[in-house]
Amino acid sequence: MKNSTLIEVCMNWYKLQKIINRIAIAINGDKINVKIIPNEKRQNTSTGFMNVEVGKKILLESGQEVGLNLDGKSFFTSFNQMYRLI
């Protein structure tokens with residue numbers, strides 16, 4: 001295996017380590033499985049661009065990504081549909 005391929009495999013493994021499976025519950029009792037994933041932005045440095053983690057976001061089962069609220073424990077999937085992480 002080439003060195004660059006090994007580095008890519010290690011970086012992908014590192015990204016997978018940051019994904020956390022959780023359950024979220026709504027006020028009406030609905031439960032959904034979600035994943036907490038890093039919210040990364042590209043930052044310009046003197047040597048080029050690099051990805052920097054600036055927070056977390058939620059990945060729903062449907063593939064839709066939504067942001068966490070300021071408390072870091074709740075999120076909205078649609079208007080008046082709030083879920084809390086348990």
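Values as computed for the structure displayed
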| item | result |
| --- | --- |
| Matching residues in the range 17-41 - criterion: being closer than 18 Å to N51 by Cα and either in contact (Cβ under 8 Å) with a residue 60 or more places away in the chain or in a strand (DSSP E or B) (or both) | I36, I37, P38, N39, E40, K41 |
| Residue list for the range 47-86, filter: outside any strand (DSSP E or B) and not charged (D, E, K, R) | T47, L60, S62, G63, Q64, L68, N69, L70, G72, F79, N80, I86 |
| Condition met for K2 (of a type in the set (K, R) and at pLDDT 90 or above) | no |
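The values are calculated or read from the model by the stated rules, or taken from the named source; none is laboratory data. In this text, all values refer to a predicted model and were calculated from it rather than measured experimentally. In this analysis, Cβ positions are derived from the backbone assuming ideal geometry, glycine residues included, and neighbour counts consider all displayed protein chains.
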